[in-house]
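Heads up, the thing below is written out as structure tokens.
Read-outs throughout are calculated quantities, based only on the coordinates presented, and are distinct from any laboratory measurement. Keep in mind that what you see is a predicted model, and the values were worked out from it rather than measured. Positions of Cβ are backbone-derived with ideal geometry, glycine not excepted, and every protein chain shown enters the neighbour counts.
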Ligand SMILES: Cc1cc2nc3c(=O)[nH]c(=O)nc-3n(C[C@H](O)[C@H](O)[C@H](O)COP(=O)(O)OP(=O)(O)OC[C@H]3O[C@@H](n4cnc5c(N)ncnc54)[C@H](O)[C@@H]3O)c2cc1C
């Protein structure tokens, strides 16, 4: 009997060595862990049982679905503890997984539930410990008295170009209060929120570096009112409105980060401007509080787009397997089957970008190539394309309101627009990869 190992033995040994190595150093994995799967399945249950059946009704009513937000609060899905738990996952994946499931359920209701998180991200990212402790719970209220929050950066003439912002905040030193004046546009939950985080210019000469964010609680501050509510193409269960600030006064300590930090930041910006001027160069007045908030939230917003895309893809797949024309299922035509193959591929590719950016963001890895923007750009474009293809696969039914696909298409389009349009994402990526300030 030969003692020389056969090729099969050698192959087996090699596989065992690989298995062994993987077991020892399995630090890279794209498989969700059990906790993540449990959270995903729990949120999926809520999305399937509560959100999906209500989606058409709230889209038609174009009203904030307070009873559903309340239901989410009652089961612990809406609230600062829930958001904190999702964010606490060190891999960064729970938040995008939850976002995808909620928006798979319905995007309008999903945004009514998750819209608050934009204001929360600003408070969490820029607030002092005391501000975080006080204001984040107030953004959500309690299960018996739910609240939503709004982040107000955009203005009628300052959308992509945040440097064009006209809203000002002036310190009334005698009274120790900020006096805010201006008009905010497109604010999700604007006017129906209690906590509004309002971005305003404190020192115009410093451009966007002279801007700061302020807590403006509707229940306390006079001079903040809701303007026109926007009637929208999609996301119609989510409230969007103008917000007016007319000599609106808040205590000095309501500036996010506190007075001391603001003074330090402004002093640094003034010094930078003075130095550039001494050197005869043009000073950069970019990088600001709105951008800091959007950078943090973009991967989770990309995950929302993915949820809509997945809903449309799954629906179209099932439909194509059922619907018969010319004596066969329509999926038996390559034109349909290949489209579905590409839809699935694009969704999975976008998810990988979203997960990468979420993991990087959670672990403090700098977005050197604007990976946050990449994820949102790709996911937004995929959602628009996939939902449009889904309409095509359903034919006339895709275009009819009795079927959800046209709603998903209307909902998807916003992901090319808000939190930075597709063009602005490309600008951010182009600047990051080139190191050149492309105007
Ligand atoms: C449903 C909804 C909810 C929203 N929620 C909020 C919110 O909660 N808070 C908030 O602050 N804002 C919110 N917004 C505002 C949103 O962020 C802005 O609509 C977005 O930033 C684009 O600004 P704009 O609409 O003024 O478009 P514009 O900036 O006027 O852009 C118009 C077009 O010009 C293009 N463009 C502009 N500049 C350039 C450039 N340099 N290079 C190439 N192309 C360019 C844009 O990409 C776009 O295609 C919301 C908007 C909507 C529709």
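Scanning the stretch 151-167 for residues that are closer than 17 Å to residue 191 by Cα and either near the ligand (Cβ under 6 Å from one of its atoms) or assigned to a loop (DSSP other than H, G, I, E, B) (or both) yields 151, 152, 153, 154, 156, 167.
Within the stretch 206-230, the residues that satisfy the criterion of being part of a strand (DSSP E or B), away from the ligand (no atom under 14 Å from the Cβ) and without any contact (Cβ under 8 Å) to a residue 60 or more places away in the chain are 224, 225.
Inside the stretch 231-259, can you point out the residues that are assigned to a loop (DSSP other than H, G, I, E, B), buried (at least 16 other Cβ atoms within 10 Å of the Cβ) and within 16 Å of the ligand (Cβ to nearest atom)? Working first, answer last.
Kept after step one, since they are assigned to a loop (DSSP other than H, G, I, E, B), are these residues of the stretch 231-259: 231-239, 256-257.
In the following step, the residues that additionally are buried (at least 16 other Cβ atoms within 10 Å of the Cβ) were identified as 232, 234-239, 256-257.
232, 234, 235, 236, 237, 238, 239, 256 - these are the residues of the stretch 231-259 that are assigned to a loop (DSSP other than H, G, I, E, B), buried (at least 16 other Cβ atoms within 10 Å of the Cβ) and within 16 Å of the ligand (Cβ to nearest atom).
Scan the helices (runs of 4 or more DSSP H) fully inside the stretch 331-439 and keep the ones with 3 or more residues being within 16 Å of the ligand (Cβ to nearest atom). First the steps, then the outcome.
On the way: elements: 334-362, 371-394, 396-399, 405-412, 422-434.
Output list reads 371-394, 405-412, 422-434.
For the stretch 177-200, taking the residues that are more than 23 Å from residue 414 (Cβ to Cβ) and surrounded by fewer than 23 Cβ atoms within 10 Å (Cβ to Cβ), the one that is farthest from the ligand (Cβ to nearest atom) is identified as 177.
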